[in-house]
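Student: The structure that follows is given in the form of structure tokens.
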Amino acid sequence: MKLSILSNINLDSLIGRLSKLYDVYKTEGYGAWIQEIINPDSGLYSFGPDMVFIIIDGEEMCNGQSKSNSTIDTNISYIEEAVKNNPDITFFVSNIDLWTRKIESVKSGAKERRLEFLWEGGLFLLSSKYRNVYVFDLKSIVEDKGREQFYSKKLWYLGGIKYSMKAEKLLEQQINRCIASAKGIRKKCLVLDLDNTLWGGVVGEGGLEGIELSDYKEGARYKDFQRRLKEIKDLGIILAIASKNNFNDAIKVIREHKHMVLREEDFVALKINWDLKSQNIRNLSQELNIGLDSMVFIDDNPIERESVKRELPEVTVPDFPQDTSELVDFAIELYNDYFYTLNTTDEDTVKTEKYRQNMKRRDAQKSSASYEDFLLSLETKIEIRRLSAENVQRAAQLTQKTNQFNLTTKRYSEQELLAMIGERGFEGFVAYVSDRFGDNGMVSVVITKHKTDSEVELDTFLLSCRVMGRFIEDQIIGFIEDLHKKSGYKKLITYYKPTEKNVPVKDLFERLGYTLLDVDSTGNKKYVLNLGKSSTCSRKEFGELRAL
């Protein structure tokens, strides 16, 4: 990962810490950030960063009150020029914090607040206009920690260093979150206990009316906690329950308590029984087809937490706050540490429903006479479209997150995919799948690269774990083969690059009749299919495919 930290103040120590983790470009002089971003021949662009963080100190930028408005407008225009001219670079630009230090009457009003809003308003306009720019929320970090902790007057007057060591550590933490989110690194599932976690008290002892859950006093802390959890769920994180309880007692609260914010439909699964919680979480992992390392478990009971840590070390188990008045802050910490999100797609907002549909499919499979009968009963429909600006956001998300069915495990940002499909020789395709249980949405990304007039190469072939095992890949690869055969290509070159998680597809191309050309010492495989001949292996078809 190559990144640059630009600023109008000295951030050398922050850059030094980040350099231990990333390849970081450092400018000559901290005040040269404008020259770096507007000059196409600058050292910044010669370095070729994947991401640029522009950390702006408001007081330094707005020095000279009479020129502040024009300074803000001019700087926003410089940033827009850089963002527009470099679509393959992701920019994070900070909002600003301005101290009201001038001694004046209350009637005068604080011009600093208006300047903060003007700058942030300009940034959000850029963020809505361009895919490759985000607002870096410096102001919230200052507000959360307080100016007395964030700034260092002593370091400023002694060495021209504006931020305290604590502030720089917080900035480093936030930069790491942004990078991880941009790379699609976040947990997928939040597993929750019930008693003394989503509500106060034990429902098996006090009943529906005996628990703490309300709009006031002690019960309000649990309701507010649920509100924050629902906000996390609405960003595409799935919620599940693992609780030792009588099912009828617990489900009555979830369905009927007037102050429950999270209802039955907000959870992808309800494991409410007397089994070990580690076993319930393991079962959830298998039923949802997600890794244990994608799960976060929340429980007020330290014994239960310790048991899950011991039995399932891959699962993340944070400490629960001893003071439940801190539950809202705890929810925000969970989001920031494990689920931080730069953007959401339409599919993220309905992710819980998609997982619930998958569980209905599993129930249908159990009642079918054979697996083939089950696949035919799904009435699957596959729709293949060209990769475009309209669907690139979800496609990039799939390249970042898909691990099990991913032949080359190449990760691409939106900007990289857009640049790629605009480049001669590359073609991109996405596949959408639906069946009688519902719409799975976009589940596959295929990228081909034209090597010669007779050879085409499969750069990327991935399929969401939600539809694995249904032979959908046969019909998608069959479409790719037929398309390039009709275009005059003689050979299709494909690859398998092994990872810890993509073992399920290690023999895919053998099954599909490709010829193995080479295997290196690390297990990387290269295959070829002669498009001029019929495949020796028939493609399995359990759905209807159409291409747009």
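Rule-based calculations on the coordinates, nothing more; no lab input. Predicted, not measured: the structure shown is a model, and the values here were computed from it. When we count neighbours, we look across all protein chains shown, and the Cβ atoms used for this are built from the backbone with ideal geometry, even at glycine.
Student: Quick one: Karplus J couplings for region 466-482, per residue in order, coefficients 6.51, -1.76, 1.60, θ = phi - 60°, nearest Hz, x for Gly and Pro?
Tutor: Once rounded to whole Hz, the list reads 4, 10, 5, x, 10, 6, 5, 4, 4, 6, 5, 5, x, 4, 4, 4, 5.
Student: For a label point 7 Å from the Cα of Ser367 along Cα→C-beta, name the residues of region 414-439 whose backbone N is under 12 Å from it.
Tutor: Of the residues in region 414-439, none has backbone N under 12 Å from the label point off Ser367.
Student: Here's a follow-up. Farthest toward the dipole's positive end in the chain, which of Thr494, Pro504, Ile382, given Cβ charges of +1 (Lys, Arg) and -1 (Asp, Glu) about the Cα centre?
Tutor: Thr494
Student: Give the distance, in whole Å, between the Cα centre of region 193-233 and the Cα centre of region 281-317.
Tutor: Comparing the Cα centres of region 193-233 and region 281-317, I get a distance of 22 Å.
Student: Are there GluC sites (Glu not before Pro) in region 271-336 that DSSP marks as loop and that have at most 14 other Cβ atoms within 10 Å, and which are they?
Tutor: Passing sites in region 271-336 are Glu314.
Student: While we're on this one: Fully extended, how many nm does the chain gain between Arg356 and Lys451 (0.36 nm per residue separation, minus their Cα-Cα distance)?
Tutor: The span from Arg356 to Lys451 would gain 30.0 nm if fully extended.
Student: While we're looking at this one, here's another question. Work the Kirkwood hydrodynamic radius out for region 486-548: mean of 1/r over every pair of different alpha-carbon atoms, inverted, in Å.
Tutor: That comes to 13.5 Å for region 486-548.
Student: On a C-alpha basis, how far is the centre of region 375-395 from the centre of region 134-173 in Å? Whole number, if you could?
Tutor: Between the Cα centre of region 375-395 and that of region 134-173, the gap is 46 Å.
Student: Now a separate question. Under a cut-off of 14 Å between alpha-carbon atoms, report the aspartates and glutamates in cross-link reach of Lys490, not counting same-chain residues fewer than 8 places apart.
Tutor: Counting by Cα, and skipping residues close in sequence, Lys490 has these aspartates and glutamates nearby: Asp453, Glu455, Glu457, Glu481, Asp482.
Student: Give the peptides 356-368, 415-427, 232-244, 126-138 in descending order of average Cβ contacts within 10 Å, highest first.
Tutor: 232-244, 126-138, 415-427, 356-368
Student: Also, I was wondering about something else. Mind listing the Cα extents of the chain along all three principal axes, in Å, largest one first?
Tutor: Cα extents, longest axis first: 83, 71, 41 Å.
Student: From Cα pairs below 8 angstrom and at least 6 apart in sequence, can you work out the relative contact order of the chain, rounded to a whole percent?
Tutor: Value for the chain: 10 percent.
Student: Net charge near Asn524: determine it from the other residues with C-beta under 10 Å of the C-beta of Asn524, scoring Lys and Arg +1 and Asp and Glu -1.
Tutor: Charge balance near Asn524 sits at +1.
Student: From the gyration tensor of the Cα coordinates in region 348-547, what semi-axes in whole Å does the equivalent ellipsoid have, largest first, with each one equal to sqrt(5λ)?
Tutor: Three semi-axes, in Å: 27, 20, 17.
Student: Another question, if that's okay. Identify all aspartates and glutamates with a Cα-Cα distance to Lys26 below 17 Å; exclude those on the same chain that are fewer than 8 residues away in sequence.
Tutor: Within the straight-line cut-off, Lys26 pairs with Asp12, Glu36, Asp41, Asp50, Glu168, Glu172.
Student: For region 189-339, give the magnitude of the charge dipole about the Cα centre (Cβ charges: +1 Lys/Arg, -1 Asp/Glu; no others), in debye to the nearest 20.
Tutor: 340
Student: OK, next. Run the reach check for Lys401 against aspartates and glutamates, Cα to Cα strictly under 12 Å, same-chain hits fewer than 8 apart removed. What comes back?
Tutor: none
Student: Using a 10 Å cut-off around each Cβ, can you sort Ser464, Ser454, Ser278 from fewest to most neighbouring Cβ atoms?
Tutor: So the ranking, lowest neighbour count to highest, is Ser454, Ser278, Ser464.
Student: Give me the net charge for the shell around Lys26: Cβ to Cβ below 13 angstrom, other residues only, Lys and Arg +1, Asp and Glu -1.
Tutor: Value of the local net charge: -2.
Student: Using only the Cα atoms, work out Rg/Rh for region 2-182, with Rh taken as the Kirkwood radius, to two decimals.
Tutor: Rounded to two decimals, Rg over Rh is 0.95.
Student: Which entries in Lys153/Lys187; Lys187/Lys244; Lys187/Lys258; Lys20/Lys129; Lys351/Lys525 show an alpha-carbon gap greater than 27 Å?
Tutor: Pairs exceeding the cut-off: Lys153/Lys187; Lys187/Lys258; Lys20/Lys129; Lys351/Lys525.
Student: Continuing with the same structure: How would you rank 441-447, 38-44, highest first, on the average number of other Cβ atoms within 10 Å across their residues?
Tutor: 441-447, 38-44
Student: Of Lys381/Lys540; Lys233/Lys501; Lys2/Lys526; Lys188/Lys540; Lys233/Lys354; Lys309/Lys366, which pairs sit farther than 20 Å apart, going by alpha carbon to alpha carbon?
Tutor: Violating the 20 Å Cα-Cα cut-off are Lys233/Lys501; Lys2/Lys526; Lys188/Lys540; Lys309/Lys366.
Student: Still on this structure: When Lys and Arg each count +1 and Asp and Glu each count -1, what net charge do the other residues less than 11 Å away from Glu544, Cβ to Cβ, add up to?
Tutor: Summing Lys/Arg as +1 and Asp/Glu as -1 gives -2.
Student: Run the dipole for the chain about the Cα centre, Lys and Arg Cβ at +1, Asp and Glu Cβ at -1, nothing else charged, and hand back the magnitude in debye, nearest 20.
Tutor: It comes to approximately 820 debye.
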